[in-house]
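Trainee: Please see the structure below; I have some questions.
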Amino acid sequence: MDTPVRVVSRLQDVGVSIFAVMTRLALEHGAINLSQGFPDFSCDPDLVDAVSRHMRAGENQYAPMPGVLALREALSAKIRRLYGAEYDPATELTVTSGATEALFDSISAFVRPGDEVILFEPCYDSYVPVVRLNGGTPRFVTLRAPDYRIDWAAVRRLLSPRTRLLVINSPHNPTGSVLEADDLRALADALDGTGVIVLSDEVYEHIVFDGARHESVARHPALRERACVVSSFGKTYHTTGWKVGYVAAPQALTAEIQRVHQFVTFATNTPAQQAYAEFTRRRAHYDDLAAFYQEKRDRFLELLDGSRFTPVPSRGTYFQLLDYSAISAEGDAAFAMRLLQEHGVASIPTSAFLYASEAPPVLRFCFAKKDETLERAAERLRAV
């Protein structure tokens, strides 16, 4: 008799992503999907034409492993203009198959068994599994509602000789909070004299509201020399399905990231990279993106006026947290499910982003949607 194969999962407590679950349920129930973070409107048709043009020109084979040089050069110039930081396009920029791959590559490059990684929860759901896959131990600092600011004293208490990596995310998913210049100074002070590497997830870098400035780690010389800065073309150009991101880091860190990247995807879609190279040189789109999404945020909040939901301030990203404590005492997962099934609006419970603390009574809604989508969703939410 054959011996059955025994499978021991390395991620036993990880199921299907809540984002995939809620999107599937939204389709099954005919609900309005404000859960998963993607636009329901089209990208610039000129960008589609650019991809098609590069395809017809025969640029359909493997790109160079670090990325198309024209794109890396355009990114280097853009980062210099925005943040005053110099990244060598030949040795300090890597184009990846989505920002999630950039995060995976960066964590895998530096975390070893026994290492500790400081994370701020609620946190994006890919961080913890990758830390664990590499034998690392997550150590959490909880961001507390309603302002979700970092307690830097708590960070200092967690730092130890085993701390290898610290992951920050600003603008922050799911809370919409943003780091300020004082936060980066506090981070630099906390890490001074340590060998800790910073992984800065900045995929919403162009979506910061109310006149605030995005405080990239790239702006801060003391942090830049120890940091991997990740961003996303999908978030910037409304093309999440194309899955193209990148990571900027000093040469020594980039070399290690690329050691991993070459065995994950090796290279990323060539014609899409060529098209992004053209668009990265155009400033108007990303310079205007914050105003575009702020208008949508404000419109969504205006439409919710008169509902029993209480908005939590969103200072960036295209997400809005809504407090439902005036409606129900249910846990957030149960309330999100009832909201989907009984009222036809899909959201994300923030417990999906938490590991070491209780979830407050808030749900995350994506407002990267057409006005008519937001209007229909708000009408249903006002009736709850």
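No lab work stands behind these numbers, since they all come straight from the coordinates. Keep in mind that this is a model prediction, so the values were computed, not measured. Don't worry about glycine lacking a Cβ; one is built from the backbone with ideal geometry, like all the others, and counts go over all protein chains shown.
Trainee: Of the options T373, F292, A90, report the single residue whose Cα projects farthest towards the positive end of the charge dipole of the chain (beta-carbon charges: Lys, Arg +1; Asp, Glu -1).
Mentor: A90
Trainee: How big is the charge dipole of segment 57-283 about its Cα centre, in debye rounded to the nearest 20, if each Lys and Arg gets +1 on its Cβ and each Asp and Glu gets -1 on its Cβ?
Mentor: Working: 24 positive and 26 negative charges, 16 e Å.
That gives segment 57-283 a dipole magnitude of about 80 debye.
Trainee: Next up: For I197, which sequence-distant residues (separation of 5 or more, or a different chain) have an amide H within less than 5 Å of its own amide H, given hydrogens modelled in the peptide plane?
Mentor: L165, L166
Trainee: Oh, and also: L321's amide H: which non-local residues (gap 5+, or another chain) put their own amide H closer than 5 Å, with H modeled 1.01 Å from N in plane and none for Pro or chain starts?
Mentor: V312, F365
Trainee: Rank the residues S170, S126 as a footprinting-exposure proxy: fewest other Cβ atoms within 10 Å of their Cβ go first. Mind dumping the intermediate values first?
Mentor: Numbers: S170 26, S126 16.
Neighbour counts put them in this order, fewest first: S126, S170.
Trainee: Right, next: Would you mind checking the radius of gyration and Dmax of the chain based on alpha-carbon positions, in Å?
Mentor: For the chain, the Cα-based Rg and Dmax read 20.9, 70 Å.
Trainee: Roughly how many whole Å is it from the C-alpha centroid of segment 160-194 to that of segment 199-224?
Mentor: Going from one Cα centre to the other spans 11 Å.
Trainee: Under 5 Å between amide H atoms, partner at least 5 residues away or on a different chain: which partners does G67 have, H built in plane at 1.01 Å?
Mentor: V95
Trainee: Can you give me the convex hull volume of the Cα atoms of segment 139-193, divided per residue and expressed in Å³? Don't jump to the answer; show the numbers that get you there.
Mentor: Working: hull volume 4.6 nm³, N = 55.
Cα-based convex hull of segment 139-193, divided per residue, equals 83 Å³.
Trainee: In segment 57-283, if every C-alpha pair distance is counted and binned at 10 Å from zero, what percent goes to each bin?
Mentor: 8, 35, 38, 16, 2, 0
Trainee: Short version: ³J(HN,Hα) in whole Hz for each residue of segment 140-146, in order, from phi by Karplus 6.51 cos²θ - 1.76 cosθ + 1.60 (θ = phi - 60°), x for Gly and Pro, what are they?
Mentor: Ordered by residue, 3J(HN,Hα) equals 10, 10, 8, 8, 9, 5, x Hz.
Trainee: Then there is this: Among 325-331, 251-257, how do they line up from the highest to the lowest mean number of other beta-carbon atoms within 10 Å? Walk me through the intermediate numbers first.
Mentor: Values: 325-331: 12.7, 251-257: 17.0.
Descending mean neighbour count gives 251-257, 325-331.
Trainee: Which peptide among 94-101, 36-43 comes first, and what is the full order, when sorted by highest mean count of other Cβ atoms within 10 Å?
Mentor: Working: 94-101: 24.4, 36-43: 16.6.
Listed from highest to lowest mean packing, they are 94-101, 36-43.
Trainee: While we're on this one: With +1 on each Lys and Arg Cβ and -1 on each Asp and Glu Cβ, and nothing else charged, work out how big the dipole of the chain is about its Cα centre, in Debye to the nearest 20.
Mentor: 500
Trainee: Suppose only helical runs count, i.e. DSSP H with n ≥ 4. What mean residue ellipticity at 222 nm does that imply for the chain under -39500 (n - 2.57) per run, divided by all residues and rounded to the nearest 500 deg cm²/dmol?
Mentor: Details: 14 runs with 152 residues, N = 384.
That calculation yields -12000 deg cm²/dmol at 222 nm.
Trainee: What is the packing order of peptides 69-76, 300-307, 188-195, taking the mean over residues of other C-beta atoms within 10 Å and listing the highest first? Don't jump to the answer; show the numbers that get you there.
Mentor: Values: 69-76: 20.8, 300-307: 16.0, 188-195: 13.2.
Put in order of decreasing packing, that is 69-76, 300-307, 188-195.
Trainee: I would also like to ask the following. Pop out the ³J(HN,Hα) list for segment 190-203 in order, Karplus 6.51 cos²θ - 1.76 cosθ + 1.60 with θ = phi - 60°, rounded to Hz; leave Gly and Pro as x.
Mentor: My calculation for segment 190-203 gives 5, 8, 4, x, 10, x, 6, 8, 9, 10, 10, 8, 10, 5 Hz in order.
Trainee: Report the FRET efficiency, 1/(1 + (r/R0)^6), for R112 and A70, where r is their Cβ-Cβ distance and R0 is 41 Å, rounded to 0.05. If you can, show how the numbers build up before the last one.
Mentor: On the way: r = 35 Å, r/R0 = 0.86.
Given R0 = 41 Å and the Cβ-Cβ separation, E is 0.70.
Trainee: Kindly write out, for segment 359-368 in residue order, the coupling ³J(HN,Hα) from the Karplus curve 6.51 cos²θ - 1.76 cosθ + 1.60 (θ = phi - 60°), rounded to whole Hz, with x marking Gly and Pro.
Mentor: 7, x, x, 9, 10, 9, 10, 8, 9, 7
Trainee: Looking only at the chain, where both bridge partners belong to it, what percent of the DSSP beta bridges are antiparallel (to the nearest 5)? Don't skip to the answer; put the middle values down first.
Mentor: Details: 19 of 39 bridges.
Counting DSSP beta bridges with both partners in the chain, the antiparallel share is about 50 percent.
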